[in-house]
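A.B. asks: Below are the structure tokens for one structure; questions will follow.
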Amino acid sequence: MKQKAQKAVRGIEEVAGATFSPGQREAIDKIVEELVIEAMRECEATYGHAARNCCSEDQDMSHKIGREIEQARDALIANLSALR
């Protein structure tokens, strides 16, 4: 995740035609992190809802899918938190 955030900062620097200070880089990293977490939560809500709908007859399968989504979310948040 850190490499992706750094790539995003480099891309923004290229578009802006400037080199950011360490403080600016940190602020951009935080913005990217918050946006990724927000997008991830939206996806989780959408796919979790879809899993519950498609597996309503099989509650065990629905719970397994829900747990996998939660584990993926937790891993992503841990990786993003490491960027700070």
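A.B. asks: Please give the number of the condition Ser56 fails out of (1) at pLDDT 80 or above; (2) outside any helix (DSSP H, G or I).
C.D. replies: Just one mismatch for Ser56, condition (1).
A.B. asks: Any idea which of Ile65, Ile77 is more than 28 Å from Ala5 (Cβ to Cβ) and at pLDDT 75 or above?
C.D. replies: Details: Ile77 fails: more than 28 Å from Ala5 (Cβ to Cβ).
None of the others qualify; the one that does is Ile65.
A.B. asks: Could you list, in sequence order, all residues of the range 13-47 that are in a helix (DSSP H, G or I) and over 19 Å from the mean Cα position of the chain (by Cα)?
C.D. replies: Of the residues in the range 13-47, the ones in a helix (DSSP H, G or I) are 13-16, 22-47.
Passing the criteria: Glu13, Glu14, Val15, Ala16, Pro22, Gly23, Gln24.
The values are calculated or read from the model by the stated rules, or taken from the named source; none is laboratory data. What you see is a predicted model, and the numbers here were worked out from it, not measured in a lab. All Cβ positions, even for glycine, are placed from backbone atoms using ideal geometry, and neighbour counts span all protein chains on display.
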